[in-house]
Amino acid sequence: MHHDPALDLEKTFRSSAPGYWAERGVTPEQWNIHTWQLKNRITSLAQLEEHLNLSEEERSGVILSGTKLAMAITPHFFNLIDQDDPECPIRRQIIPRIEETWTSPYEMSDPCGEDSHMPVPGLVHRYPDRVLFLVTDRCAAYCRYCTRSRVVSGAGEQELETDYEAAFRYLEEHTEVRDVLLSGGDPLLFSDGKLEKILSRLRQIEHIEFLRIGSRIPVFLPQRITPALCEMLQKYHPLFMSVHVNHPRELTIEVKEGLERLANHGIPLGNQSVFLRGVNDSVEVMKALVQKLLMCRVKPYYLYQLDLIEGSSHLQAPVAKGIEVIEGLRGHTTGYAIPQYVIDAPGGGGKVPVNPDYVLQRNEERVVIRNFEGRTFEYPEPAVQPDPILDY
Ligand SMILES: *Cc1c(COP(=O)(O)O)cnc(C)c1O
């Protein structure tokens, strides 16, 4: 299809209805079933070329993708691609390019050092009170910049061998863990029953206070957000969900409905964007995205600097640009709309916040600050209180 980039900035919610598929006799009923969407994912060069004019970079990328990270695109998400524009922001996220085979000395297969923080296969325990539980290695579609491409999709060099029983035992023994984040892969790819088994088992552990699910399924496969799924999830509160939207065009009518359904079942929603060159590395696009997220009842949570994953050079945007984007949001739009920009420190340091400098000078007497308009102000530090014994 053709997409007008100006409409992306206008924050219009459009439908991703059958489009090309309607010509082939696909009915809206089939389209709205998530299993139909999964069965009809685009996974081959021939399928892509039926609809898109691929560039040389893309064609070679698709041919080579099978050896690293599989290509898979749901028909829903595929419809958001502009068929003629190789620089389309949706295309850059999901269609392999030859640059994925390039490597630089700074790039790694495990950029966040997760493998070295796994006490049990599939469980990453890096922070004191919370863990990342990798429950599956499959997603509805594969982001080309995936930080876990080494284990995800089944095409890479490593396999994710999550040991559920060992993970539950570890969590039972580690009473300091109060927060479990289910991720993968995408946990919502599991059936309701299989996901419920994991959630109910976690809820039996008394010291686990807080559950959350990291998923891009609301964006790749909104048809999966069924009333039955939401009713099951709401039994396990407090349960939050982090979704992954990078560009305003991804927020379609169908996606908005899925997000609203989750919110209506009491699930607070956060968004984790990845900062990507040619996708969302501008104030205009990010502002439209975060405002549109609020309209879907999603709080922008993190903006991630792209991890130094192998083959990501064509999607890397400078940190200076990320800081510029945050500066362009703070004060200029709703505070709730502003994500925390973070770098996941290469090699396993965890997330580090990166902020524009608003404090220009600071000493014991005063702080000099600037506001979003660039005006400077002075804030006096409280005078040191006299010690009642020494200073009488
Ligand atoms: C991101 C992450 C978390 C969660 O971090 P929050 O800042 O609490 O959202 C937990 N564990 C690992 C390994 C992570 O990468």
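Summary of computed values
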quantity: Per-region count, the range 294-316, residues in a helix (DSSP H, G or I) and either open to solvent by less than 20 Å² (accessible area, probe 1.4 Å) or touching a Leu at 6+ places or on another chain (Cβ under 6 Å) (or both); calculated: 2
quantity: Yes/no for residue 289 being over 16 Å from residue 147 (Cβ atoms), touching a helix residue (DSSP H, G or I) at 6+ places or on another chain (Cβ under 6 Å) and assigned to a helix (DSSP H, G or I); calculated: yes
quantity: One residue from 373, 365 being under 31 Å from the mean Cα position of the chain (by Cα), open to solvent by 50 Å² or more (accessible area, probe 1.4 Å) and not assigned by TED's automatic domain parsing to the domain that holds residue 108; calculated: 373
quantity: When residues of the range 8-35 are limited to those that are in contact (Cβ under 8 Å) with a residue 40 or more places away in the chain and part of a helix (DSSP H, G or I), the one surrounded by the fewest Cβ atoms within 10 Å (Cβ to Cβ); calculated: 20
quantity: Filter result for the condition that a residue is under 20 Å from the mean Cα position of the chain (by Cα) and either within 12 Å of the ligand (Cβ to nearest atom) or assigned by TED's automatic domain parsing to the domain that holds residue 53 (or both), over 82, 129, 137; calculated: 137
quantity: Pairs where the first residue, in the range 363-390, is outside any loop (DSSP other than H, G, I, E, B) and the second is open to solvent by 100 Å² or more (accessible area, probe 1.4 Å), C-beta under 7 Å, 6+ apart; calculated: 366/378; 366/379; 367/379; 368/378; 369/379; 380/365
quantity: Any chance residue 109 is among the hydroxyl-bearing types (Ser, Thr, Tyr), free of Cβ contacts under 8 Å to residues at least 40 places away in the same chain and away from the ligand (no atom under 13 Å from the Cβ); calculated: no
quantity: Selected residue [of a type in the set (A, V, I, L, M, F, W, C) and under 29 Å from residue 127 (Cα atoms)] from 369, 389, 326; calculated: 326
quantity: Pairs where the first residue, in the range 201-218, is open to solvent by 10 Å² or more (accessible area, probe 1.4 Å) and the second is of a type in the set (Asp, Glu) and within 12 Å of the ligand (Cβ to nearest atom), C-beta under 8 Å, 6+ apart; calculated: 209/179; 210/179; 212/179
quantity: Top-ranked residue of the range 317-343 - restricted to ones that are open to solvent by 40 Å² or more (accessible area, probe 1.4 Å) and under 16 Å from the mean Cα position of the chain (by Cα), ranked as farthest from the ligand (Cβ to nearest atom); calculated: 343
quantity: Selection count, the range 344-357, where residues are farther than 12 Å from residue 326 by Cα, more than 12 Å from the ligand (Cβ to nearest atom) and surrounded by 14 or more Cβ atoms within 10 Å (Cβ to Cβ); calculated: 1
quantity: Single residue of 239, 221 found to be assigned by TED's automatic domain parsing to the domain that holds residue 208 and out of contact with any Ser or Thr (no Cβ under 9 Å at 6 or more places or on another chain); calculated: 239
quantity: Some residue of the range 160-173 being charged (D, E, K, R), open to solvent by less than 10 Å² (accessible area, probe 1.4 Å) and either away from the ligand (no atom under 16 Å from the Cβ) or assigned to a loop (DSSP other than H, G, I, E, B) (or both); calculated: no
quantity: Test: residue in the range 255-272 that is assigned by TED's automatic domain parsing to the domain that holds residue 351, in contact (Cβ under 8 Å) with a residue 40 or more places away in the chain, open to solvent by 10 Å² or more (accessible area, probe 1.4 Å) and within 22 Å of residue 305 (Cα to Cα); calculated: yes
quantity: Complete set of residues in the range 233-246 that are open to solvent by 10 Å² or more (accessible area, probe 1.4 Å) and more than 16 Å from the ligand (Cβ to nearest atom); calculated: 234, 235, 236, 237
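The values are calculated or read from the model by the stated rules, or taken from the named source; none is laboratory data. Just so it is clear, the model here is predicted, and its values are computed rather than measured. Every residue, glycine among them, receives a Cβ derived from its backbone with ideal geometry; neighbour counts consider all protein chains shown. When the accessible area is computed, the model is the full protein with side chains, heavy atoms only, and any ligands, DNA or RNA have been set aside. Shrake-Rupley method; radii C 1.70, N 1.55, O 1.52, S 1.80 Å.
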